[in-house]
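The values are calculated or read from the model by the stated rules, or taken from the named source; none is laboratory data. Quick caveat: nothing in here was measured; it's all calculated off a predicted structure. Here the Cβ is made from the backbone with ideal geometry for all residues, glycine too, and neighbour counts use every protein chain on show.
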Amino acid sequence: MVLAPPWTPVNDFSLDGAMLAVGFLVVGIVASFVAIRLQRLSKFPPPGPRGFKQSPTSRSIFRGRKDIWRQYAEWSKIYGPVFSFRSHRLNIVVLNSAKAVHDLLDIRAKIYSDRPYSAIIELTNQNKPIGRISSQDARFATSRRMAHEELGQKGTLRHLPALERHVKLLLKSLMSDPKHFRQHLRLCQSKSIMMAIYGYPVESDDDPYITIHGNWFKALNSPFLRTGAWFIDSYPILRYLPTWMLGAESHNFITERRASNGQMMNVPFEWTKSEIRAGRSYPSFVANQLSQDNVNPDHEESIKYVVGAMHMSGVDTVLSAMLTFLLMMMLNPEIQKRAQEEVDSVVGSDRLPQLPDRGKLPYVGALIQEVLRFHPPAPLAVTHAVTQDDYYEDMFIQKGSTIVPNVWAVTHDESTYPEPMKFDPMRYLDKSDQDVKSAQPDPRNFVFGFGRRVCAGMYFAEVTLFLQVCSILATFNISKEINTDGVEIIPNVDFTGGHISQPEDFVCRIVPRSDAAVDLIMWDP
Ligand code: HEM
């Protein structure tokens with residue numbers, strides 16, 4: 001006799017079915033729970049100061065601390081080289097190491113070369129110049145090509161005689177009125193930029209274009225324009241409200257900034273057009289581009305926004321490096337002397353340095369690299385944005401995140417640049433033939449930005465820097481100023497905040513090196 005198992009149900013089929021269904025349900029619930037957990041786990045953003053939201057405290061960080069790059073570098077010691085935080089709805093990812101900036105902004109440039117959308121930038125009409133347009137906009141590639149054509153290596157060389165003339169005038173001003181070196185350096189760079197891009201001859205500090213640019217720059221560096229500082233960048237719908245509803249301070253800022261951007265873009269551009277119509281134009285960037293066939297209104301607008309960005313970016317960046325150069329020469333007389341000896345041995349004393357000397361002056365080249373490393377003119381470069389979801393070392397970086405390259409942290413990373421606060425051009429020179437690897441990475445790979453957004457005026461910047469630095473070394477000694485008690489004034493090594501950071505005001509003595517140097521400065525061929 002075969003006994004049925006005691007647990008055999010009367011109705012086999014329905015009980016099995018019910019149990020199976022319950023089983024599937026349980027497995028399904030567990031599986032989806034695990035899947036959701038796994039997905040959440042795998043979508044962990046880079047670590048960072050969580051709960052750091054836009055609050056009165058964070059507002060003071062964004063708007064208060066001037067050297068925010070140092071704040072970020074301190075956070076990177078806690079959270080790692082890639083950290084993130086939120087400001088309202090903005091995801092902000094800060095990159096603090098050479099590896100991270102290279103891996104993401106150079107190697108993955110295809111998706112990391114956009115600019116973050118910003119309602120405040122749009123409201124202030126700053127969204128059209130090349131520095132702000134999206135990498136996905138059709139005008140981006142043509143604008144970059146145009147900039148390369150006009151102020152790349154070949155294009156810059158066309159302006160060399162004008163650049164040398166402006167440096168000569170700079171030397172004359174430094175000799176006759178050394179105390180106002182900041183104004184003279186600024187004027188020299190403004191002359192060079194305005195001539196190269198608009199063909200406009202800036203005559204003096206009182207020139208109306210110098211004033212327009214000066215006002216524009218002050219606002220650029222205002223804490224108002226710091227990444228994450230604006231509530232409406234997180235809630236762009238608010239940009240449709242009348243601006244007075246954002247408060248009097250914001251309303252005034254937006255109104256003034258809009259007018260200032262308009263002036264920067266339109267006034268010099270219209271001046272060049274009128275010169276062309278009158279048949280008198282220097283072969284500037286604008287004149288060259290407008291003289292091409294088939295320039296339609298769209299193309300004309302692109303030209304206007306490329307040169308506008310070059311004007312905006314090209315003056316105070318170089319000025320920053322030149323001021324850091326003077327400060328470092330004053331504080332490091334032995335480095336100054338060594339550089340002067342190199343210039344003397346290559347250039348001699350009967351002419352000023354010229355561009356072809358550059359390759360024969362390795363120490364001066366290294367000195368300029370060290371100036372750029374010691375204080376990058378744009379310590380946080382310009383923010384990028386990522387155009388699709390991405391992972392980096394298991395961290396999830398959400399599409400649209402704002403990416404902040406902390407250039408200052410990279411150039412002050414002890415593992416790459418030992419004793420980062422020491423000014424030492426020898427970092428880039430091989431100490432001996434056997435010790436080739438001792439040379440540290442060229443900071444120009446970081447300070448001029450990354451990937452498809454790398455500085456569009458890099459070559460022009462390097463040429464103007466070389467001519468100014470080298471000509472000053474050839475003709476002047478820079479030393480500490482003496483106060484009325486006969487005591488040397490030791491300057492603070494301190495820098496302004498903002499997108500483009502420069503040494504805070506300081507004093508120094510700038511004296512011609514010899515009678516021969518005076519003759520050289522005064523001699524007009
Ligand atoms: C020492 C001098 C300079 C430094 C350190 C510097 C640095 C930079 C940096 C960090 C960026 C952002 C790159 C990025 O987003 O990754 C940039 C962009 C730019 N720079 Fe420079 N710059 C200098 C001089 C100049 C000069 C002289 C010009 C013009 C003649 C210029 C024109 C531009 C333009 C147009 C952009 C925007 C490029 C874009 O968004 O596609 N810069 N620069």
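The numbered conditions (1) out of contact with any Gly (no Cβ under 8 Å at 6 or more places or on another chain); (2) touching a residue at least 60 places away in the same chain (Cβ under 8 Å) are all true for residue 284 except (1). Do you know which residues across the range 258-310 are in contact with a Pro (Cβ under 7 Å, 6 or more places away or on another chain) and either of a type outside the set (A, V, I, L, M) or farther than 18 Å from residue 194 by Cβ (or both)? The answer is 305, 308. Within the range 464-503, the set of residues being outside any loop (DSSP other than H, G, I, E, B) and hydroxyl-bearing (Ser, Thr, Tyr) comprises 464, 471, 475, 479. Which numbered condition in (1) of a type outside the set (Val, Ile, Thr); (2) in a loop (DSSP other than H, G, I, E, B); (3) closer than 17 Å to residue 147 by Cβ; (4) in contact (Cβ under 8 Å) with a residue 60 or more places away in the chain is the only one that residue 292 fails? If we test residue 292 against (1) of a type outside the set (Val, Ile, Thr); (2) in a loop (DSSP other than H, G, I, E, B); (3) closer than 17 Å to residue 147 by Cβ; (4) in contact (Cβ under 8 Å) with a residue 60 or more places away in the chain, just (4) comes out false.
Checking each residue in the range 254-281 for being farther than 25 Å from residue 127 by Cβ and modelled with pLDDT of 90 or more picks out 274, 275, 276, 277, 278, 279.
Counting residues in the range 325-341 that are touching a residue at least 12 places away in the same chain (Cβ under 8 Å), acidic (Asp, Glu) and either farther than 17 Å from residue 170 by Cα or in contact with a strand residue (DSSP E or B) (Cβ under 9 Å, 6 or more places away or on another chain) (or both) gives zero.
Yes/no matrix, rows are residues, columns are (1) away from the ligand (no atom under 16 Å from the Cβ); (2) within 25 Å of residue 152 (Cβ to Cβ); (3) surrounded by 24 or more Cβ atoms within 10 Å (Cβ to Cβ); (4) not charged (D, E, K, R):
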residue	(1), (2), (3), (4)
295	yes, yes, no, yes
302	no, yes, no, yes
327	no, no, yes, yes
344	yes, no, no, no
354	yes, yes, no, yes
358	no, yes, no, no
365	no, yes, no, yes
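With a requirement of 1 or more residues that are in contact with a Cys (Cβ under 9 Å, 6 or more places away or on another chain) and buried (at least 16 other Cβ atoms within 10 Å of the Cβ), the helices (runs of 4 or more DSSP H) lying completely within the range 168-282 that satisfy it span 181-198. None of 345, 320 is in contact with a strand residue (DSSP E or B) (Cβ under 9 Å, 6 or more places away or on another chain), of a type in the set (S, T, N, Q) and at pLDDT 95 or above except 320. Assess whether residue 312 counts as being in a helix (DSSP H, G or I), within 13 Å of the ligand (Cβ to nearest atom) and within 22 Å of residue 126 (Cα to Cα). It is true that residue 312 is in a helix (DSSP H, G or I), within 13 Å of the ligand (Cβ to nearest atom) and within 22 Å of residue 126 (Cα to Cα). Considering the conditions (1) within 26 Å of residue 49 (Cα to Cα); (2) surrounded by fewer than 22 Cβ atoms within 10 Å (Cβ to Cβ), residue 107 is excluded by exactly one of them, (1).
With respect to (1) surrounded by 14 or more Cβ atoms within 10 Å (Cβ to Cβ); (2) more than 16 Å from the ligand (Cβ to nearest atom), the lone exception for residue 286 is condition (2).
For residue 382, all conditions in the list (1) crowded, with 23+ Cβ neighbours inside 10 Å; (2) under 27 Å from residue 99 (Cα atoms) hold save one; what is the number of the exception? In the conditions (1) crowded, with 23+ Cβ neighbours inside 10 Å; (2) under 27 Å from residue 99 (Cα atoms), residue 382 misses (1) alone. Give the range 491-505 a look and list any residue that's closer than 22 Å to residue 227 by Cα and of a type in the set (S, T, N, Q), or say none. Hits for the range 491-505 are 496, 501, 502.
For residue 442, the conditions (1) surrounded by 18 or more Cβ atoms within 10 Å (Cβ to Cβ); (2) more than 16 Å from the chain's Cα centre (by Cα); (3) within 16 Å of the ligand (Cβ to nearest atom) all hold with the exception of (1). Please determine, by comparing only the residues of the range 445-462 that are assigned to a helix (DSSP H, G or I) and within 6 Å of the ligand (Cβ to nearest atom), which one is farthest from residue 408 (Cα to Cα). Once the filter is applied, the top-ranked residue is 460.
Looking across the range 504-515, the residues that are surrounded by 13 or more Cβ atoms within 10 Å (Cβ to Cβ) and either assigned to a loop (DSSP other than H, G, I, E, B) or not β-branched (Val, Ile, Thr) (or both) come down to 504, 506, 507, 508, 509, 512, 513.
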